[in-house]
Amino acid sequence: MHNYFDSYVGLAALLVAGIGIVGGGLAANRMLRPHSPTAEKLTTYECGVDPVGDGWAHSYIRYYVFAYLYVVFAVDAVFLFPWATVFSAPGFGATTLGEMFVFLAFLAVGLLYAGRKGVLSWT
């Protein structure tokens, strides 16, 4: 039983050393940094433009849908490239071909659904 807990001594030493290094870095940063807040320094700064108006901005939901469709078809491409390499391997042809047709059918149904909902119209 004594040897079992000895294996955790190294882990505890690394944990203490890691916490010490991070804590020491944060403490050194706090002691060495200049601290002179002013009203101008505490204002919100974004892209070199002073903030004007309310913090809420309206955006159309279709932009999110476009991004979602892009992600769906990017994932499609991620699956198609490895499939093309496995398809040429001996013994995997019919199985991978069937799996890919099922995958492409799911994507086609999703694209058809998006088209019928009018998501793909740009105006």
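Residue ranges 37-45, 17-25 sort as 17-25, 37-45 when ordered by packing (mean number of other C-beta atoms within 10 Å per residue, highest first). Dividing the convex hull volume of the alpha carbon atoms of the chain by its residue count gives 343 Å³ per residue. The calculated FRET efficiency for the pair Y4 and M100, based on their C-beta separation and a Förster distance of 35 Å, comes to about 0.10.
Model label sites at T38 and S121, defined 7 Å from Cα along the beta-carbon direction, differ in position by 5.5 nm. From its DSSP helices (H runs of at least four residues, each -39,500 (n - 2.57)), the chain gives a residue-normalised ellipticity at 222 nm of -24000 deg cm²/dmol. Excluding ligands, DNA and RNA, the accessible surface per residue across the chain is 90 Å² with a 1.4 Å probe.
Principal axis extents of the Cα atoms in the range 55-122, from largest to smallest and rounded to whole angstrom, are 58, 27, 15.
Here each label is just a point 7 Å from Cα along the line to Cβ, and for Y64 and L107 those points are 2.5 nm apart.
The values are calculated or read from the model by the stated rules, or taken from the named source; none is laboratory data. Because the structure is a prediction, the values reported are computed rather than measured. Neighbour counts are summed over all protein chains in view; Cβ atoms, including those assigned to glycine, are modelled from backbone coordinates with ideal geometry. Keep in mind that these areas ignore ligands, DNA and RNA; they rest on the heavy atoms of the full protein, side chains included. Shrake-Rupley method; radii C 1.70, N 1.55, O 1.52, S 1.80 Å.
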